[in-house]
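What follows is a set of notes on a single structure, which appears directly below.
The values are calculated or read from the model by the stated rules, or taken from the named source; none is laboratory data. Just so you know, these numbers come straight off a predicted model, no measurement behind them. Here Cβ is always computed from backbone atoms with ideal geometry, including for glycine, and neighbour counts include all displayed protein chains. Heads up: the accessible areas ignore ligands, DNA and RNA and are worked out on the full protein's heavy atoms, side chains in. Shrake-Rupley method; radii C 1.70, N 1.55, O 1.52, S 1.80 Å.
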Amino acid sequence: MKIYQQKISLPEKRRGFHLITSEVLKALPQLNQISHGLCQVFIQHTSASLTINENADPTVRKDFETFFNKAVKENDPDYTHDYEGSDDMPAHLKASLLGSSVLIPIHNGHLALGTWQGIYLCEHRDNGGPRDLVITAWGE
C-alpha cells in the first residue's frame, strides 16, 4: 500500500463557496501512482468546511451561501460565543453542518469525482484568513 500526504495553506478567500479541486490535485501529484484507493481532504479549522457538489454553474455556489445564511442567522441574541464577531458562532455551526473532511475514491490515478462534481472550500467568515488542509491519499 502507498500512502502520500501533503499539507497546504490556501490563501484567504472571501466568504462563500469556492472550488478548490485544482489546488488539491496540484498538491498531490503522486495520486497518479495509485490505481485504486482513497483520498481524504481535511480542513484544520472550525469556522470553515468542505463539501463536494456542482462544479459547473456558479449560481449553485451563490445559492449555497444564500441558504446557509438564512438557515444560520448572524446576530442571534441567544448565542453566547460572540467575542470574535457576529459571524463567528454562525460559522462554527455551518462548519459542523457541512463537516471538516471529504473522502473521494481514487480510480486509475484520478479522483473518481462525478462529471459535475468539485471539492468546495466553504468559507463561513468575513475575514477567515488562510485555511490549512491536510490531503492524504492511500491505496494500491
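Any residue at all in the range 75-82 that's without any contact (Cβ under 8 Å) to a residue 24 or more places away in the chain, closer than 14 Å to ARG125 by Cβ and exposed (fewer than 14 other Cβ atoms within 10 Å of the Cβ)? Yes, the range 75-82 contains a residue that is without any contact (Cβ under 8 Å) to a residue 24 or more places away in the chain, closer than 14 Å to ARG125 by Cβ and exposed (fewer than 14 other Cβ atoms within 10 Å of the Cβ).
The single condition from (1) open to solvent by less than 10 Å² (accessible area, probe 1.4 Å); (2) within 19 Å of LYS13 (Cβ to Cβ) that GLY139 fails is (2). One residue alone among LEU97, LEU121 is open to solvent by 80 Å² or more (accessible area, probe 1.4 Å), under 15 Å from the mean Cα position of the chain (by Cα) and of a type outside the set (S, T, N, Q), and that residue is LEU97.
Say whether the condition of being in contact with a Lys or Arg (Cβ under 9 Å, 6 or more places away or on another chain) and free of Cβ contacts under 8 Å to residues at least 24 places away in the same chain is met by at least one residue in the range 90-113. Checked against the condition, which is being in contact with a Lys or Arg (Cβ under 9 Å, 6 or more places away or on another chain) and free of Cβ contacts under 8 Å to residues at least 24 places away in the same chain, the range 90-113 yields no hits at all. If you go through the range 54-71 and keep only what is in contact (Cβ under 8 Å) with a residue 40 or more places away in the chain and assigned to a loop (DSSP other than H, G, I, E, B), you end up with ASN55, ALA56.
Counting the residues of the range 102-111 that are open to solvent by less than 50 Å² (accessible area, probe 1.4 Å) and outside any loop (DSSP other than H, G, I, E, B) gives 4. Pull up the range 1-50, narrow it to residues that are free of Cβ contacts under 8 Å to residues at least 60 places away in the same chain and of a type in the set (Ser, Thr, Tyr), then point me to the one that is nearest to SER100 (Cα to Cα). My answer is THR46.
Matching residues to (1) closer than 22 Å to PHE42 by Cα; (2) of a type in the set (Gly, Ala, Ser); (3) at pLDDT 95 or above; (4) in contact with a helix residue (DSSP H, G or I) (Cβ under 7 Å, 6 or more places away or on another chain):
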{"site": "THR80", "(1), (2), (3), (4)": "no, no, no, no"}
{"site": "SER101", "(1), (2), (3), (4)": "yes, yes, yes, no"}
{"site": "PRO105", "(1), (2), (3), (4)": "yes, no, yes, no"}
{"site": "GLY109", "(1), (2), (3), (4)": "yes, yes, yes, yes"}
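Restricting GLY129, GLY118, GLY114 to residues that are touching a strand residue (DSSP E or B) at 6+ places or on another chain (Cβ under 8 Å) and not in a helix (DSSP H, G or I) narrows the list to GLY118.
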